[in-house]
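Shown next, in structure tokens, is the structure this report addresses.
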Amino acid sequence: MPGLAQDGVVALLAAVAMLSMPLLDSLSFPPTQPRSGFGPLWGVLVVCACAPLAVRRRWPLAAAGASMGVVALGGLFVSRDPGVLAGVAAIASAAYHRDRGRTGLAVASAAWMFFLVWNTSRVLRLSDVAFAAAYGVTPVVVGYALRAKVERAGQLARLHRAEALRARSEERTRIARDVHDVVGHHLSSVRLQAVGGRRALSTSHADAERAFDGIAEVSGQALSEIRALLDLLRADTQPRISELRELAGGLADAGLNVTTTGDGPAARELPDDVQECVYRVVQESLTNVVRHARAGKAAVRIHVDAGEVSVTVDDDGSGAPAADAGHGLRGMRERVAGLGGTFSAGPSDAGGWRVRAVLPSGRDARCFA
């Protein structure tokens, strides 16, 4: 229903309710007790006081001024103030719908109430002044409070929408990194086993069959992980430190000897986001070793200390990654930084290449995804 029609219904209902006051008054007093003040002129004034409510949203100050004026002038001609509640409602509505000018509205409302009290008793006692001031300012305060509440609710709704958009954006970024890690790792393993299988075809069919079986297994794992990522079943798909030995075993079949230490109970009790980060750092590091380092051995060491966990991956390869490994290093650095940790990669003192990440191990670590 359009706003004008709604306000018209409000004005009509207010007029009906106030015109019913004589009936309520007759139920409150004995029939023999005389009642005065309710007459045709009073009824007309009540309707005129309620009518401005029909435009309370379109012209809030005009509606409040018109309603207060009718009530004030009507009080000079009838013994009962006509439509006081309509005037109060119009004032509260003006305070709600106006962005400014509420101080002036409060002063006008208090002055209006002073006049009504004086018109009733022709005497203004201190208690009457206090009552008039409080009663005049109250509708302005109520209207402003309702407006502030609605605006705060709107701000919270906008904040929630912004947070949802940010979370979706970060989730897409996380999935992109995970897809890069999964695809890069498994394709590197498939490539190595394919090369080995092709060489074995001319010498040993058994070795060739094992290589091709490894290709089928690794590709199946890659498909499963990617499907899980696309299904966004994060609670069930987050890799854990306990899966690193299986990861290392798959690379051993491809010709890289990987040793893993420190993945005991302490490491397995780390928060899920920290375990995922450690796993992805190791996965991407070993992928780079397979693709670029021409290494035969790699060592993965995990150390859990008070407040932090460190993971180090060393290899005995050429000691420098190829240029196309930069994206993987950047992804690892961003992933570690997202949890409040530090990341470094470079040649090691013993030759080869070293990747090291240090992460907060407590539950207060910031979640990247």
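In region 77-117, of all residues being in a helix (DSSP H, G or I) and aromatic (Phe, Trp, Tyr), the one that is nearest to residue 132 (Cα to Cα) corresponds to 114.
Restricting to region 47-76, and then to whatever is assigned to a loop (DSSP other than H, G, I, E, B) and among the hydrophobic types (A, V, I, L, M, F, W, C), can you tell me which residue is nearest to residue 113 (Cα to Cα)?
Only one residue fits best here, namely 76.
Take residue 7 and decide whether it is more than 19 Å from residue 146 (Cβ to Cβ), of a type in the set (Asp, Glu) and either open to solvent by 30 Å² or more (accessible area, probe 1.4 Å) or at pLDDT below 80 (or both). When the stated conditions are applied, residue 7 does not pass them. Screening 23, 12 for residues that are modelled with pLDDT under 80, farther than 23 Å from residue 76 by Cα and assigned to a helix (DSSP H, G or I) leaves exactly one candidate, 23. Contact map, region 64-84: residues that are farther than 13 Å from residue 47 by Cα and among the hydroxyl-bearing types (Ser, Thr, Tyr) paired with residues that are at pLDDT below 85 and not in a helix (DSSP H, G or I), Cβ distance under 7 Å, separation 6+ or inter-chain. Pairs shown: 79/36; 79/37. The set of residues in region 123-152 that are of a type in the set (Ser, Thr, Tyr) and open to solvent by 80 Å² or more (accessible area, probe 1.4 Å) comprises 135, 144.
The values are calculated or read from the model by the stated rules, or taken from the named source; none is laboratory data. As the structure is a prediction and not an experimental result, all values here were calculated from the model. For neighbour counting, all protein chains shown are included, and Cβ atoms are generated from backbone atoms with ideal geometry for every residue, glycine included. Accessible surface is based on the protein model in full, side chains and every heavy atom, while ligands, DNA and RNA are left aside. Shrake-Rupley method; radii C 1.70, N 1.55, O 1.52, S 1.80 Å.
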